[in-house]
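Below is one structure, written out as structure tokens, with a few remarks after it.
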Amino acid sequence: MLAAIFVIQGWAALRAPAKLADTARPVTDRLEPALKAVHPSLPTDAETLVRVNGAAQVAGGILLATGRATTPAALVLAGSLVPTTLAGHAFWEVEDPVQRNQQRINFLKNLGLVGGLLFAALDNEGRPSIAWRARSTAARARREASHTAQTAKREAGHAARAARREARHAVHTAQREAKHVVNSAQRDARIARLARKLP
């Protein structure tokens, strides 16, 4: 629905730019030095700029209506409304009170359209925003780092306890072996003494 006015009005500007050129000329004349500064071969005449603005509105409107590239489409449409509004609805320059009021209404209508387009540009269709995703990723990374540190600490504790158990077992085994060696030596010594006493 938001796109409809841009497609219709943009198509009208594409087909008959001469009808809007006189209204647009005060704005296009002010844009001429900036356009020449960007590139000398850029068109600066009012009819061509009206046609370009109309083409941008048709293309942006179709993209917005079909849900393709909605963020850039909405931003292009919002940008296209700026010169359109300044050229067509500069109510502060109108002397007649009735005409001034009419132009003010149209100006505010376009301002409302810009607001709607900005909402459309920010709409993520239910997807979280980039800022939220960045915060979520950072929080997840912190949780994973904390979990990894706790796991490493736990594993280090297990390894230390296992090493202590192995050390105690090795000491006990060494003590048993040493006792066995001593007992064997003592037994061998007794046998040797007995053997010497035999005739």
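Laboratory data are not the source of any read-out in this text; all were calculated from the coordinates shown. It should be emphasised that the depicted structure is a prediction, and the values quoted were computed from it without experimental measurement. Here the Cβ is made from the backbone with ideal geometry for all residues, glycine too, and neighbour counts use every protein chain on show.
Relative contact order of the range 59-199, please, whole-number percent, based on alpha carbon pairs below 8 angstrom and at least 6 residues apart.
Values: 55 pairs, mean separation 25.1, N = 141.
The normalised contact order for the range 59-199 reaches 18 percent.
Order of 16-26, 134-144, 36-46 by packing, highest average Cβ count within 10 Å first? Provide the component values of the computation, followed by the final result.
Values: 16-26: 15.9, 134-144: 10.4, 36-46: 12.0.
Going from most to least packed, we get 16-26, 36-46, 134-144.
Going toward the positive end of the dipole of the chain, with +1 on Lys and Arg Cβ and -1 on Asp and Glu Cβ, which of LEU108, THR71, ALA46 do you reach last?
Of the options given, the answer is THR71.
Taking just the C-alpha trace of the range 128-199, give me its Rg and Dmax in Å.
Just the Cα atoms of the range 128-199 yield Rg and Dmax of 30.7, 105 Å.
Would you mind checking the radius of gyration and Dmax of the chain based on alpha-carbon positions, in Å?
Every Cα atom of the chain included, Rg and Dmax give 43.2, 151 Å.
Find out how many positive minus negative residues lie around ALA141, taking Lys and Arg as positive, Asp and Glu as negative, among other residues whose Cβ is under 14 Å from that of ALA141. List each step's numbers first, then the result.
Values: positive: ARG133, ARG135, ARG140, ARG142, ARG143; negative: GLU144.
Cβ neighbours under 14 Å give a net charge of +4.
Sorted by packing (mean other beta-carbon atoms within 10 Å per residue), highest first, where do 65-72, 146-153 land?
With the highest mean Cβ count within 10 Å placed first, the list reads 65-72, 146-153.
Mean residue ellipticity at 222 nm from the helices of the chain, using -39,500 (n - 2.57) per DSSP H segment of n ≥ 4 over the full residue count, to the nearest 500 deg cm²/dmol? Walk me through the numbers before you get to the answer.
Values: 6 runs with 167 residues, N = 199.
Computed mean residue ellipticity for the chain: -30000 deg cm²/dmol.
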